[in-house]
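Student: Could you have a look at this structure, given as structure tokens, before my questions?
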Amino acid sequence: DSGVTQTPKHLITATGQRVTLRCSPRSGDLSVYWYQQSLDQGLQFLIQYYNGEERAKGNILERFSAQQFPDLHSELNLSSLELGDSALYFCASSVGRDRSYGYTFGSGTRLTVV
Amino acid sequence: EDQVTQSPEALRLQEGESSSLNCSYTVSGLRGLFWYRQDPGKGPEFLFTLYSAGEEKEKERLKATLTKKESFLHITAPKPEDSATYLCAVGSGGYNKLIFGAGTRLAVHP
């Protein structure tokens, strides 16, 4: 157990729907990062939050949004889902604003859009 | 454009047969070179961070080295439990984003 908790582990939904993925960072970690891993694209950085504020944005689609709450857990919202959004979504956390010492990944949420 | 390329895509070894995985990168302002291990259905597990050319780090049967344009992950006398996908990533620009390579799938057979 890495200490980063992601729920749900699996999610199957239809095109056009909206889903929310949840992440609880490791105790004491203030930064949360979201990554998407698909077969053809590898791990792609989506977005980072630090202590409730957005810190960095990657190739995140406008249909996707995220936030970090006062208790430091984070949610990734995916809307108007398309077949191509099927992927593994990972959350990672680190203590500081940056990941100089490497950050800790959760086990991921496997999203299947049908 | 920042880029990370890993080779080979897949590697099959016999138990005890040492080998090396390669990670070549082009990045504007390297802010660390990271190695992760990923088992099927799990999140990547952090192994090493390297910051400057010439730096080396070791952990059990794994040794990571860094030059100005590439990094190697040497696996000495591997065991079946070393079978996994090994991911290389670089930090660039700001301190936030990691750019990952596609990974090397390693299979070690008894």
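Student: Please identify every one of the GluC sites (Glu not before Pro) in region B:53-110 that sits in a loop by DSSP and has no more than 14 other beta carbons within 10 Å of its own beta carbon.
Tutor: B:Glu60
Student: Select from region A:40-114 those GluC sites (Glu not before Pro) which occupy a DSSP coil region and have at most 10 other Cβ atoms within 10 Å, ordered by residue number.
Tutor: A:Glu62
Student: At a threshold of 8 angstrom on Cα-Cα distance, excluding pairs fewer than six apart, so keeping six or more, what relative contact order does chain A reach in percent?
Tutor: About 38 percent, as a whole number.
Student: Restricting attention to region A:1-110, which trypsin sites (Lys or Arg not before Pro) occupy a DSSP loop and are surrounded by at most 11 other Cβ atoms within 10 Å?
Tutor: Taking region A:1-110 and a limit of 11 other Cβ atoms within 10 Å, the loop trypsin sites (Lys or Arg not before Pro) found are A:Lys9, A:Arg18.
Student: Can you find, among B:Leu50, B:Pro8, B:Pro80, the residue farthest towards the positive end of the dipole of chain B? Put +1 on the C-beta of Lys and Arg, -1 on that of Asp and Glu.
Tutor: B:Leu50
Student: In percent, what relative contact order does region B:3-109 have, based on Cα pairs under 8 Å that are 6 or more apart in sequence?
Tutor: Across region B:3-109, relative contact order equals 38 percent.
Student: Too long at a 18 Å Cα-Cα cut-off: which of B:Lys42/B:Lys69; A:Lys9/B:Lys42; B:Lys59/B:Lys79?
Tutor: Violating the 18 Å Cα-Cα cut-off are B:Lys42/B:Lys69.
Student: Over region B:3-109, what lengths in whole Å, largest first, do the semi-axes of the equivalent ellipsoid take, defined as the square roots of 5 times the eigenvalues of the alpha-carbon gyration tensor?
Tutor: 23, 14, 12
Bear in mind these aren't lab numbers, they're just calculated from the coordinates by the rules spelled out. Source: prediction; values computed, not measured. Cβ coordinates were reconstructed from backbone atoms using ideal geometry, including for glycine residues, and neighbour counts include every protein chain displayed.
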